[in-house]
Amino acid sequence: MTTRPADTGSAPTAVPRAPVPSPTDHLPDRWSGDLLDLDAYLARIGYEGPREPTLAVLRDLQRAHTTGIPFENVHAVLGRDLPLDLPSVEARLVHGGRGGYCFEHVVLFAAALERLGFRVTAMMGRISLGAPKVLPATHGLLAVTARDDAREWLCDVGYGAGPLGPVELADGAHAAYDGWRYRLERRPGAHGVDHWWLHQTAPDRGPSGWIDRHTFTLTEQYPIDYAVASHFVGTHPRSPFVRRLYAQRMTPEAHHGLDGLTLATTRPDGTRTMRELAPEALDGTLRELFGIALTEEELHAITAR
């Protein structure tokens, strides 16, 4: 059952968005939703509900996707090509039973939403996590509108750590899912372009109990934009994703994160446990905790690194 966002006691400020023609408005399926094996995708994430573009369905789809497909960067660590066309992403994440990083998740989720009749706008964000410097824009996320609700909703399915459901794309909006809490803030930017900040609760990060997770603008992105950013993330020697293994699995009860051989488990109340894995324990941990089954060749190559 989906937990509804918490009532903050005051209505957030809605996003002023004028209808501006898009250079690809004439392209009916920019995310290739017509090519998606929808039955296989829904089976992969364990979704058996209605197939209609409503807000209730959007909530349930995001929860199912976020908890059903893990985050991982095995292809990047092993130096393999990582094409972002839908058939390739579907082969890895759906039929291959593997996970992926943000762009793979977003391409797949956007195709499913497009196929079901939702209005989908792709955006690009910068991971911050309190960093004092500007980091590259290498995080994909979506703004989605349902047929029965005029509001836009932020759907961040590719971060690996929730949210388990959409967050209203409005200044001051709060959302809570199973104790995991998030809020959105809009800040003025240069040349009239506002910057949006997604914050999440982080009791271990200071007295405020919040940390800014990433920032983004409402500038629309297209598949080619994601392909360019993914090339940097998956191949550039300064990208952390090519240097060591990352894996994440989000559940209502806990977030599990693997950084190399360091395993961290975080609960909604902020409590965290950490332990170092022995190399021989990596295979079992990936299979049992993350749902990721590596081949013997992949496992050997990663542990060797």
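Would you kindly give the portion of the calculated P(r) for the range 54-182 that falls above 27 Å, as a percent of all Cα pairs? Here the tail beyond 27 Å accounts for 18 percent of pairs. Size descriptors for the range 45-112: radius of gyration and Dmax over Cα atoms are 12.7, 40 Å.
Taking the Cα centre of the range 222-296 as reference, the dipole from Cβ charges on Lys and Arg (+1) and Asp and Glu (-1) amounts to some 220 debye. When you restrict to C-alpha pairs under 8 Å that are six or more residues apart and normalise by the size of the chain, the relative contact order lands at 19 percent.
Per-residue 3J(HN,Hα) values for the range 194-201, derived from phi via the Karplus relation 6.51 cos²θ - 1.76 cosθ + 1.60 with θ = phi - 60°, read 6, 10, 10, 10, 9, 10, 9, 5 Hz in sequence order (x marks Gly and Pro).
Just to be sure I understand the rule: take each whole DSSP H helix in the chain, project its Cα atoms onto its long axis, keep it if the span is 20 Å or more and its mean Kyte-Doolittle hydropathy is at least 0.0. Which ones pass? In the chain, the long hydrophobic H runs are 102-116.
Semi-axis lengths, largest first, of the ellipsoid equivalent to the chain are 28, 23, 20 Å, with √(5λ) applied to each eigenvalue of the Cα gyration tensor.
With the highest mean first, a sort of the peptides 290-299, 130-139, 221-230 on other beta-carbon atoms found within 10 angstrom per residue produces 221-230, 290-299, 130-139. Accessible surface of the chain, 1.4 Å probe: 54 percent of it comes from carbon and sulfur atoms. Which is farthest toward the positive dipole end of the chain among G117, T219, G96, measuring Cα position about the Cα centre, with Cβ charges +1 (Lys, Arg) and -1 (Asp, Glu)? So the residue furthest toward the plus end is T219. Computed from point charges on the beta carbon alone (+1 for Lys and Arg, -1 for Asp and Glu), the dipole magnitude for the chain about its Cα centre is near 820 Debye.
Here the Kirkwood formula, the inverse mean of 1/r across different C-alpha pairs, assigns the range 247-305 a hydrodynamic radius of 12.0 Å. Shape class of the range 129-216 from the alpha-carbon gyration tensor: oblate, with a/c at 1.5 or above and b/c at least as large as a/b.
For A40, the shell of other residues with beta-carbons less than 13 Å away shows a net charge of 0, using +1 for Lys and Arg and -1 for Asp and Glu. Translational diffusion of the range 167-305, estimated by Stokes-Einstein from the Kirkwood radius over alpha carbon pairs at 37 °C in a medium of 0.692 mPa s, is 184 µm² per second. Per-residue ellipticity at 222 nm, computed for the chain from helices alone with -39500 (n - 2.57) per DSSP H run of at least four residues, works out to -6500 deg cm²/dmol.
Calculated accessible area for the range 55-187 comes out at 30 Å² per residue, all protein chains present (probe 1.4 Å; ligands, DNA, RNA ignored).
The values are calculated or read from the model by the stated rules, or taken from the named source; none is laboratory data. Everything numeric here is computed off the predicted structure, so don't read it as measured data. As a convention, Cβ positions derive from the backbone with ideal geometry for all residues, glycine included, and neighbour counts pool all protein chains shown. Note: areas computed on protein heavy atoms with side chains; ligands, DNA, RNA excluded. Shrake-Rupley method; radii C 1.70, N 1.55, O 1.52, S 1.80 Å.
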